[in-house]
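Colleague: Take a look at this one; I'll ask things after.
The values are calculated or read from the model by the stated rules, or taken from the named source; none is laboratory data. Remember, predicted model here, so these are calculated numbers, not experimental data. Neighbour counts run over all protein chains shown; Cβ positions are idealised from the backbone, glycine included.
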Amino acid sequence: LILIKFKKKNFSVAIQCLETAFNITDSSYLFQPSKPLFDIFIAAEGLPAGIDDFPKPTTEEIQQANNLKEEGNTLMKSSQFEDAILKYNEAIKLNKDPAYFCNR
């Protein structure tokens with residue numbers, strides 16, 4: 001319980017710092033999306049309405065997605081950015097691992 005209160009206090013301090021730095025408050029609704037971000041994400045990924053979770057990838061799909069991510073990383077290192085993004089997109093289709101979104 002003490003740890004939760006400590007984390008909540010730290011979170012409040014972080015919010016205050018950001019509000020001061022960017023001269024905004026939580027009443028600045030201009031910066032809020034028109035829909036919840038999760039709904040925007042679901043719509044972008046083409047998930048049918050009413051489905052709350054993505055299908056779990058198979059072991060083969062996980063391995064194939066990881067291979068595609070690694071290919072994307074290699075392409076990024078050689079400045080082939082467009083091709084790398086395509087590899088990351090393919091990996092994401094197989095496995096919705098957040099790491100793949102970060103790479104993309």
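Colleague: List pairs: first residue in segment 63-81 and more than 18 Å from residue 98 (Cβ to Cβ) and without any contact (Cβ under 8 Å) to a residue 24 or more places away in the chain, second residue part of a helix (DSSP H, G or I) and among the basic types (Lys, Arg) anywhere in the structure, Cβ distance under 8 angstrom, at least six positions apart or on different chains.
Modeller: Here the result reads 71/87; 75/87, each pair linking segment 63-81 to a residue that is part of a helix (DSSP H, G or I) and among the basic types (Lys, Arg).
Colleague: Continuing with the same structure: Show the residue pairs that are 6+ apart or on different chains and have beta-carbon atoms under 8 Å apart, the first residue being within segment 1-30 and in a helix (DSSP H, G or I), the second being modelled with pLDDT under 80 and not aliphatic (A, V, I, L, M).
Modeller: Close Cβ pairs satisfying both conditions: 15/26; 19/25; 19/26.
Colleague: Could you look through segment 15-65, keep only residues that are of a type in the set (Asp, Glu), under 30 Å from residue 89 (Cβ atoms) and exposed (fewer than 11 other Cβ atoms within 10 Å of the Cβ), and pick out the one that is modelled with the highest pLDDT? Can you show your working first?
Modeller: Step one: filter segment 15-65 for residues of a type in the set (Asp, Glu), giving 19, 26, 39, 45, 52-53, 60-61.
In the following step, the residues that additionally are under 30 Å from residue 89 (Cβ atoms) were identified as 39, 45, 52-53, 60-61.
Checking the rest, the ones that are also exposed (fewer than 11 other Cβ atoms within 10 Å of the Cβ) come to 52-53, 60.
Values: 52: 64, 53: 66, 60: 96.
So, considering only residues that are of a type in the set (Asp, Glu), under 30 Å from residue 89 (Cβ atoms) and exposed (fewer than 11 other Cβ atoms within 10 Å of the Cβ), the one modelled with the highest pLDDT is 60.
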